[in-house]
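The values are calculated or read from the model by the stated rules, or taken from the named source; none is laboratory data. Here the structure is a predicted model, which is why all the values come from computation and not from measurement. With ideal geometry, Cβ positions are generated from the backbone for all residues, glycine too; neighbour counts draw on all protein chains shown.
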Protein chains: 2
Amino acid sequence: MISGTHFQPSSMSDPKELRSQGLKVTVPRLKVLDLFKHSPDRHLTAEDVYRKLLDEHSDVGLATVYRVLTQFEQAGLLQRTHFEGGKAVYELNEGTHHDHIVCQQCGRVEEFYDAEIEKRQLKVAKERGFTIREHQLHIYADCIKPKCPHRPKD
Amino acid sequence: MISGTHFQPSSMSDPKELRSQGLKVTVPRLKVLDLFKHSPDRHLTAEDVYRKLLDEHSDVGLATVYRVLTQFEQAGLLQRTHFEGGKAVYELNEGTHHDHIVCQQCGRVEEFYDAEIEKRQLKVAKERGFTIREHQLHIYADCIKPKCPHRPKD
DNA sequence: ATAGATGCAAAGGCTTTGCACGAAG
DNA sequence: CTTCGTGCAAAGCCTTTGCATCTAT
């Protein structure tokens, strides 16, 4: 067999990660996973992914991007969130829970973790007889530092 | 002038609330505001509002419901949130900030406020040079109490 | 009288789906 | 060779908008 499609550039993600999740190893899947692993932006929308793939002349359909993102989320490779604005945002699932603070100036996202906040959430839920399944804290804010990387060049 | 439309049932909200916001006093607006003030559910989607108005034979178009909800939010009468599920949810704006815990069994929403959580959010934002504009904590959970009102009858 | 509100239907934005073709195991 | 993935176009869902008509002030 003369492998054409089995060629794997150094930048490509490890096929094992896909196989171990019962997913066939395909070019679109490798490219998408790769994007999340190497892109400077941790948080990407389906549109972002689609555009980045177009930029590198990978001919992947938008529908496929949506399907792959969904599958990756179900496989636990990615995590999905919704910020204000309606679009779903995906990020690599690295196992560690964190919350988000979103700059309203430029849309960039910073992550943070505060043990006390987590603790109190558990307390609140417990007091009310709930078992937490998932929780998301989104802070929408403006950066006030003049040299803040979030502030668009002025 | 023989006023037909100026009739105001006792259940209707106070027109002043609308006027003070520069909004003309109309039947759809009074009915919507009234719904939020007297409905057993604090949290309603546009569709919810539309259906409830249909139920009471108020002929209000869905587009109008959307417009009124948007205006009320801008006027500070209502607050909008998005829970998982894509639909926007509105509630009366009573000035006090609170977070939400959503039962995954039945979709009901409970509100809570925890001073410590609020404090830590301010701290986190400040440390990173942000001014908080808005923040939302959504906990998605399951109720574990057998007699919990959230649990659908079993 | 006049600015503003409403209803309807059409359009928009994001996401999902049906189907025929193509690739992976 | 069989199962699954892909691309395209069409459809879905929630929400917004254009336009002619109607209403509050």
Candidates B:R120, B:R80, B:R133, filtered to the one that is without any contact (Cβ under 8 Å) to a residue 40 or more places away in the chain, within 25 Å of A:V102 (Cβ to Cβ), assigned to a strand (DSSP E or B) and more than 19 Å from the chain's Cα centre (by Cα): B:R133
Within the range A:83-112, tally of residues that are at pLDDT below 95 and within 14 Å of DNA strand D (Cβ to nearest atom): 3
Residue that is buried (at least 16 other Cβ atoms within 10 Å of the Cβ), more than 14 Å from chain A (Cβ to nearest Cβ) and within 8 Å of DNA strand D (Cβ to nearest atom), where the choices are B:A63, B:A46: B:A46
Matching residues in the range B:18-44 - criterion: being near DNA strand C (Cβ under 10 Å from one of its atoms) and part of a helix (DSSP H, G or I): B:L18, B:V27, B:P28, B:R29, B:L30, B:K31, B:V32
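A quick yes/no check of all residues on (1) assigned by the TED database to the domain that holds B:H135; (2) closer than 20 Å to A:G85 by Cα; (3) in contact with an Asp or Glu (Cβ under 9 Å, 6 or more places away or on another chain); (4) at pLDDT 95 or above:
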position: B:E17; (1), (2), (3), (4): no, no, no, no
position: B:P40; (1), (2), (3), (4): no, no, no, no
position: B:D48; (1), (2), (3), (4): no, no, yes, yes
position: B:D59; (1), (2), (3), (4): no, no, no, no
position: B:V65; (1), (2), (3), (4): no, no, yes, yes
position: B:T70; (1), (2), (3), (4): no, yes, no, yes
position: B:E73; (1), (2), (3), (4): no, yes, no, yes
position: B:E116; (1), (2), (3), (4): yes, no, yes, yes
Residue check for B:G86: within 30 Å of A:T81 (Cβ to Cβ), surrounded by fewer than 20 Cβ atoms within 10 Å (Cβ to Cβ) and either polar (S, T, N, Q) or within 15 Å of the chain's Cα centre (by Cα) (or both): no
Single unsatisfied condition, A:E47 versus (1) without any contact (Cβ under 8 Å) to a residue 40 or more places away in the chain; (2) farther than 22 Å from B:I139 by Cβ; (3) outside any loop (DSSP other than H, G, I, E, B): (1)
Residue list for the range B:116-141, filter: under 24 Å from B:V89 (Cα atoms) and more than 7 Å from chain A (Cβ to nearest Cβ): B:E118
Subset tally (residues that are among the basic types (K, R), closer than 30 Å to A:V102 by Cα and exposed (fewer than 15 other Cβ atoms within 10 Å of the Cβ)) for the range A:10-41: 1
